[in-house]
1. Obtain the nm distance between the two label points defined at Arg313 and Asp109 by a simple spin-label model: each point lies 7 Å from its Cα along the Cα-to-C-beta direction.
2. With n ≥ 4 as the cut-off for DSSP H runs, can you work out [θ] at 222 nm for the chain, using -39500 (n - 2.57) per run divided by the number of residues, rounded to the nearest 500?
3. For the range 265-319, what does the alpha-carbon gyration tensor say about shape, rounded, prolate or oblate, given a ≥ b ≥ c as the root eigenvalues, a/c under 1.5 as rounded, and a/b over b/c as prolate?
4. Please list the non-local residues whose amide H lies under 5 Å from the amide H of Asp124, H modeled 1.01 Å from N, same-chain partners needing a gap of 5 or more.
5. The list (1) 29, 24, 17; (2) 64, 26, 17; (3) 34, 25, 21 gives values of semi-axes √(5λ) of the Cα gyration tensor in Å, and only one came from this structure; which label was calculated from it?
6. Taking the alpha carbon gyration tensor of the range 123-227, what are the square roots of 5 times its eigenvalues, largest first, to the nearest whole Å?
7. Whole number in Å², please: accessible area per residue of the chain, 1.4 Å probe, ligands, DNA and RNA not counted.
8. Please state the relative contact order of the chain as a whole percent: Cα pairs under 8 Å, 6+ residues apart?
Amino acid sequence: MCNSLIPAAYRAVGTDPEDAAHTAAEAASGATADTPAGTWRQARPHYPPAPEPLPVPVMDNHTHLDFPDGESPVGIAAAMDAAQAVGVQGAVQVGCDLESSRFTVRAVDLDSRLLGAVALHPNDAPDYARRGELEDALTEIERLAAHPRIRAIGETGLDFFRTEGEGLAHQRYSFRRHIDIAKRLNLTLQIHDRDAHDDVVQVLREEGAPERVVFHCFSGDEELARICNAAGWNMSFAGTLTFKNAANLRAALAVADPDLVLVETDAPFLTPHPHRGRPNASYMVPYTVRAMAELTGTDLAELCTRISENTARTYGSWD
């Protein structure tokens with residue numbers, strides 16, 4: 001692979017003397033507008049090459065800039081510069097616990113290309129509950145959500161893959177509380193749904209869903225897509241759509257209302273084919289968008305325009 005095809009910010013330390021010097025200087029500079037997060041360290045293969053730019057800009061509606069996944073220190077500004085160079089004009093930075101939600105509020109103040117979401121992940125909520133800290137944590141999430149560039153409560157929801165037993169009751173309680181916060185603050189709800197489709201839908205119906213709902217990293221099938229169509233809930237597709245074993249996602253995309261479709265990376269996870277297994281970043285959104293266009297037989301520019309319009313309706317303006 002030609003290293004020059006990888007955005008400079010994501011090249012491994014040591015592959016280019018000039019880049020190595022630059023990243024070392026960044027790491028030494030501390031928490032600034034360029035490097036508000038800590039140094040990222042990663043032993044896996046380096047980042048994939050940059051894709052061809054999209055003809056119409058889109059947004060990555062779910063990323064985790066604070067999660068460690070890279071050999072080089074990559075700051076917010078460098079990450080967004082790399083994304084913008086290929087037509088990914090902005091992103092929604094998503095919190096999963098108090099620490100990452102606090103980071104999200106700092107990040108949206110540092111770079112205007114970011115909006116934010118704050119919440120307690122369904123796998124973290126039981127831990128807060130066991131420590132007797134859940135109520136205080138939810139109170140802080142609501143306080144952080146009052147920031148004008150925080151446009152969503154998320155990611156919240158249910159995860160039956162990693163949590164079991166009494167933890168599931170804490171998940172459900174936390175999910176219901178997050179729904180209430182989203183409705184009272186008129187914010188979008190970003191849902192984490194893993195192996196819990198029926199229960200997530202049931203809770204949304206029992207509580208009354210917020211005006212805007214996003215199934216982050218949509219993992220359902222054609223049936224769930226039709227439920228989302230009827231309810232007006234957004235479906236956000238990630239790199240998983242391109243995986244060989246993801247026939248259910250391709251079937252869901254085929255019936256999804258085009259006005260409800262969004263795109264995301266969930267970076268640094270879920271890197272799209274053919275780079276699955278390498279670390280992900282917002283600059284790789286075009287791989288997934290091109291796959292979506294091919295699968296639906298839609299003109300690429302038309303699809304980009306539709307996704308951009310859907311994203312603006314869901315989160316508001318980035319300006």
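The values are calculated or read from the model by the stated rules, or taken from the named source; none is laboratory data. Everything numeric in this text was worked out from a predicted model, so none of it was measured. Every residue, glycine among them, receives a Cβ derived from its backbone with ideal geometry; neighbour counts consider all protein chains shown. The protein model used for the area step is the full one, side chains on, heavy atoms only, and it has no ligands, DNA or RNA in it. Shrake-Rupley method; radii C 1.70, N 1.55, O 1.52, S 1.80 Å.
1. Rounded to a tenth, the inter-label distance reads 3.4 nm.
2. The helix-only estimate for the chain comes to -12500 deg cm²/dmol at 222 nm.
3. oblate
4. Correct list: empty.
5. Given (1) 29, 24, 17; (2) 64, 26, 17; (3) 34, 25, 21, the structure-derived one carries the label (1).
6. 21, 19, 11
7. Result: 41 Å² per residue.
8. Normalised by residue count, the contact order of the chain is 18 percent.
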